[in-house]
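Participant: Below is one structure. I have some questions about it.
The values are calculated or read from the model by the stated rules, or taken from the named source; none is laboratory data. Note that the coordinates shown come from a computational prediction; the quantities given were computed from them, not determined experimentally. A quick note on method: Cβ atoms are made from the backbone with ideal geometry, for glycine too, and the neighbour counts reach across all protein chains shown. Surface areas here come from the heavy atoms of the whole protein model, side chains and all, with no ligands, DNA or RNA. Shrake-Rupley method; radii C 1.70, N 1.55, O 1.52, S 1.80 Å.
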Amino acid sequence: MTSQFDGLAALHERSIDELPFRRHIEMPSVLAAADGVDRRRVLDLGCGSGHYARFFARSGAGSVLGVDRSPGMIAHARHREEVEPLGVRYLVQDADTAAALSGAFDLAVAVYALSYAATPKALTRLCAAARDTLAPGGRFVAATLNPDFATVPHYYRPYGFDLTVADPHLRDGDPVGVHSRAGEENFQVTAYYWSREAYERALVEAGFTDVSWQPPRTATDGSASLFARYLAAPHALALSARAR
């Protein structure tokens with residue numbers, strides 16, 4: 001099993017520190033959309049190097065499981081668990097086959113995983129897999145590419161990354177290049193554009209209700225002014241939905 005993220009675990013980990021918007025905006029926004037994690041059973045879909053899984057464990061989750069299709073990412077996450085035990089478990093598994101974990105969680109979180117669905121069917125399949133992991137009434141939270149992100153070239157470069165598109169008049173399924181740098185290493189992957197309507201349709205078809213978009217939150221450390229340009233057109237937003 002391979003993915004475009006194999007070999008990027010260390011870089012993924014460093015991006016939290018070297019792309020400050022992740023810590024100051026992305027993480028508070030995800031936690032707000034989740035309405036907290038205290039004592040909840042949490043599944044981190046597409047957990048990568050395990051940063052969010054560890055964040056949820058430190059934030060008081062009752063249990064945390066991280067799944068990712070990349071063996072390299074999971075190996076890194078397991079190593080971090082050995083060095084700093086938090087009780088987080090990790091599995092190598094596709095996010096869209098996580099339905100095998102049926103009904104076991106109160107909260108499922110997917111940070112950027114939906115952005116890598118290349119077709120409407122794949123997007124709905126990911127949402128349905130998340131739905132199947134949840135107990136009735138459970139919540140699904142996704143941080144995903146903002147349908148209204150800025151297509152101006154290099155708009156996000158001051159924040160450590162670039163998004164590139166072939167045509168600024170985006171349509172569902174169009175590829176979006178994600179280019180970033182941490183230290184001396186480059187990070188380059190392909191995501192896909194989906195409109196709000198496409199995300200909401202996929203979630204409803206997958207069995208969710210109460211779909212809502214979370215306005216960006218900032219950390220309570222006075223950093224909001226540093227991100228004024230980013231906040232005017234954030235590249236990602238959090239959305240949440242509840243399992244019927």
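Participant: Given the conditions (1) closer than 18 Å to L203 by Cβ; (2) open to solvent by 10 Å² or more (accessible area, probe 1.4 Å), report the number of the one that G87 does not fulfil.
Facilitator: (1)
Participant: Now a separate question. Give all pairs with beta carbons closer than 9 Å in which a residue from the stretch 54-71 that is touching a residue at least 60 places away in the same chain (Cβ under 8 Å) and of a type in the set (S, T, N, Q) meets a residue that is part of a loop (DSSP other than H, G, I, E, B) and open to solvent by less than 10 Å² (accessible area, probe 1.4 Å); count only pairs at least 6 apart in sequence or on separate chains.
Facilitator: S70/G48
Participant: Then there's this: Going by the conditions given, is T190 in contact (Cβ under 8 Å) with a residue 12 or more places away in the chain, farther than 21 Å from H24 by Cα and either touching a His at 6+ places or on another chain (Cβ under 7 Å) or of a type in the set (K, R) (or both)?
Facilitator: No; evaluated as a whole, the condition is false for this residue.
Participant: Next up: Does any residue in the stretch 92-107 that is assigned to a helix (DSSP H, G or I) come within less than 6 Å, Cβ to Cβ, of a residue that is among the small types (G, A, S) and buried (at least 19 other Cβ atoms within 10 Å of the Cβ) six or more places away or on a different chain, and which pairs are these?
Facilitator: These pairs meet every condition: A95/G46; A95/A113; D96/A129; A98/A129; A99/A129.
Participant: Another one. Take the residues in the stretch 1-46 that are assigned to a loop (DSSP other than H, G, I, E, B) and within 13 Å of H76 (Cβ to Cβ), then tell me which one is modelled with the lowest pLDDT.
Facilitator: D6
Participant: Continuing with the same structure: So is A143 open to solvent by 20 Å² or more (accessible area, probe 1.4 Å) and small (G, A, S) or not?
Facilitator: In short, no.
Participant: Could you list, ordered by first residue, the pairs with Cβ atoms under 7 Å in which the first is in the stretch 228-244 and of a type in the set (K, R) and the second is part of a strand (DSSP E or B) and open to solvent by 60 Å² or more (accessible area, probe 1.4 Å), at least 6 apart or interchain?
Facilitator: R242/D210
Participant: Using the structure shown, decide if V152 is assigned to a strand (DSSP E or B) and among the hydrophobic types (A, V, I, L, M, F, W, C).
Facilitator: no
Participant: Can we say A219 is open to solvent by less than 60 Å² (accessible area, probe 1.4 Å) and either of a type in the set (D, E) or outside any loop (DSSP other than H, G, I, E, B) (or both)?
Facilitator: When the stated conditions are applied, A219 does not pass them.
Participant: Continuing with this model, one more query. Tally the residues that are buried (at least 17 other Cβ atoms within 10 Å of the Cβ) and either among the hydrophobic types (A, V, I, L, M, F, W, C) or touching a Ser or Thr at 6+ places or on another chain (Cβ under 6 Å) (or both), restricting the search to the stretch 92-109.
Facilitator: The total comes to 8.
Conditions tested, residue by residue: (1) of a type in the set (S, T, Y); (2) open to solvent by 70 Å² or more (accessible area, probe 1.4 Å); (3) assigned to a strand (DSSP E or B); (4) farther than 26 Å from T133 by Cβ.
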{"site": "D162", "(1), (2), (3), (4)": "no, no, yes, yes"}
{"site": "A166", "(1), (2), (3), (4)": "no, yes, no, yes"}
{"site": "V176", "(1), (2), (3), (4)": "no, no, yes, yes"}
{"site": "H179", "(1), (2), (3), (4)": "no, no, yes, yes"}
{"site": "V204", "(1), (2), (3), (4)": "no, yes, no, no"}
{"site": "D210", "(1), (2), (3), (4)": "no, yes, yes, no"}
{"site": "R229", "(1), (2), (3), (4)": "no, yes, no, yes"}
{"site": "R242", "(1), (2), (3), (4)": "no, yes, yes, no"}
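Participant: Give me the pairs, please: first residue somewhere in the stretch 199-213 and in contact (Cβ under 8 Å) with a residue 60 or more places away in the chain, second residue anywhere and basic (K, R) and outside any strand (DSSP E or B), beta-carbon distance under 7 Å, and either six or more positions apart or on two chains.
Facilitator: Every condition considered, the pairs that remain are A206/R131; G207/R131; G207/R244; F208/R131; F208/R244.
Participant: Would you mind finding the one in Y112, Y52, Y116 that is open to solvent by 60 Å² or more (accessible area, probe 1.4 Å) and under 18 Å from the mean Cα position of the chain (by Cα)?
Facilitator: The match here is Y116.
Participant: Could you identify the single residue in F149, F105 that is within 27 Å of A233 (Cα to Cα), at pLDDT 95 or above and of a type in the set (F, W, Y)?
Facilitator: Of the residues listed, the single one that is within 27 Å of A233 (Cα to Cα), at pLDDT 95 or above and of a type in the set (F, W, Y) is F149.
Participant: Next question, about the same structure. Provide a single number: the residues in the stretch 181-194 that are surrounded by 14 or more Cβ atoms within 10 Å (Cβ to Cβ) and assigned to a loop (DSSP other than H, G, I, E, B).
Facilitator: Residues meeting the conditions: 2.
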